[in-house]
């Protein structure tokens, strides 16, 4: 079913909100699953008795989307979403960090979607959202109000390719990566396309353009922009191309790792800045420690920069793992203490795991075609000790490293 703007206006009205409130549940509620399921079934039946099939579906889908959105927004249970809008929305921690970099007057959020970035911008100062999707514009306005900054945020329905903005404004753009129905990593196939974006940059150079982590920025952006890959909870969330005065390091790349205790907290940012390039050569020896660069470092191709800063060597030619003899602590990489290393042989590895009672096994691998769940079952041993098995292709063979994960203390 495809809801209309009228459906969402009803959902935002008193009747729609009343139905949503009837099933509001405490975040993290731990009641019996069977009781929760019975309650949900009864509620769905009540909806079908009172409402049309379309609005029953709308309510049930909104409740599902709110549950999923709790991983992104602290006020998810009061916000409104579409399935696509939630999928594309910047989460609250990343949006807060980006708004911090955009701070400094009125900001235009173009292709604002349901308002993930827009709400965070509104906390910092006046912001204007623009989206050609009327439903998303409607929800973005409401979500900004929920964030408590509705008075500082305006939302306009419009096509950014037809806008005539004042000169010397600051703008953020999230182009549609599915312009022809298929996801693309090429900016030329986004909407608005590269020609439109370049025209906008020519008039208003202070810009931040949100892209997928795997996007391939145009060659002309490499020197003009600061390209920043941002990760949270070990997942690279997005790439942002910063232009004009917003680019603190034009021509360089930045890998940023965000940490926040809760979604509502101001995040701490740990950054690595440099030029792309893998470590020059793989080490012939495995050091006392193995390090795995954060996903943002890998996406930004800054593994070589990280290795140089800490005098580490590449464990493999691809640079997915680094190695050294010092127990370096850094939020930019996970750290493992090497206990044993050997050519990969399941029987030998299983004996080593049994000797150490590594019954709780984490498996990590680079360049090795394995199914980790299958391998974990094959290597299962008795014991309550946590251990790590790292598999890495080195030349023509696969090396197994039995290790212990060491935590990071900020």
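Yes/no matrix, rows are residues, columns are (1) outside any helix (DSSP H, G or I); (2) crowded, with 24+ Cβ neighbours inside 10 Å; (3) in contact with a strand residue (DSSP E or B) (Cβ under 8 Å, 6 or more places away or on another chain):
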site: 49; (1), (2), (3): no, no, no
site: 61; (1), (2), (3): no, no, no
site: 66; (1), (2), (3): no, no, no
site: 85; (1), (2), (3): no, no, no
site: 105; (1), (2), (3): yes, no, yes
site: 114; (1), (2), (3): yes, yes, no
site: 121; (1), (2), (3): no, yes, yes
site: 143; (1), (2), (3): no, yes, no
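Out of 388, 402, 381, report the one residue that is farther than 23 Å from residue 331 by Cβ and in contact with a strand residue (DSSP E or B) (Cβ under 7 Å, 6 or more places away or on another chain). Quick ask: steps written out before the conclusion?
Numbers: 388 fails: farther than 23 Å from residue 331 by Cβ; 381 fails: in contact with a strand residue (DSSP E or B) (Cβ under 7 Å, 6 or more places away or on another chain).
402 is the lone residue from the list that is farther than 23 Å from residue 331 by Cβ and in contact with a strand residue (DSSP E or B) (Cβ under 7 Å, 6 or more places away or on another chain).
Looking only at segment 16-45, how many residues end up being part of a helix (DSSP H, G or I), at pLDDT 55 or above and loosely packed, with under 13 Cβ neighbours inside 10 Å? Working first, answer last.
Taking segment 16-45 first, the residues part of a helix (DSSP H, G or I) are 16-22, 33-45.
If we keep only those that are at pLDDT 55 or above as well, we get 16-22, 39-45.
Those left that are additionally loosely packed, with under 13 Cβ neighbours inside 10 Å: 18, 21-22, 41-42, 45.
Qualifying residue count for the region: 6.
Within segment 87-103, can you find the residues that are touching a helix residue (DSSP H, G or I) at 6+ places or on another chain (Cβ under 6 Å) and buried (at least 20 other Cβ atoms within 10 Å of the Cβ)? Break it down into steps so the answer makes sense when it comes.
Step one: filter segment 87-103 for residues touching a helix residue (DSSP H, G or I) at 6+ places or on another chain (Cβ under 6 Å), giving 89-90, 95-96, 99, 103.
Residues satisfying the conditions are 89, 90, 95, 96, 99.
State yes or no: is residue 96 more than 30 Å from residue 57 (Cα to Cα), in a helix (DSSP H, G or I), in contact (Cβ under 8 Å) with a residue 24 or more places away in the chain and over 22 Å from the mean Cα position of the chain (by Cα)?
On the way: more than 30 Å from residue 57 (Cα to Cα): yes; in a helix (DSSP H, G or I): yes; in contact (Cβ under 8 Å) with a residue 24 or more places away in the chain: yes; over 22 Å from the mean Cα position of the chain (by Cα): no.
No.
Could you please find all residues in segment 218-231 being buried (at least 17 other Cβ atoms within 10 Å of the Cβ) and either in contact (Cβ under 8 Å) with a residue 60 or more places away in the chain or not in a helix (DSSP H, G or I) (or both)?
225, 226, 227, 228, 229, 230, 231
The values are calculated or read from the model by the stated rules, or taken from the named source; none is laboratory data. Since this is a predicted model, take the numbers as computed values, not measurements. For neighbour counting, all protein chains shown are included, and Cβ atoms are generated from backbone atoms with ideal geometry for every residue, glycine included.
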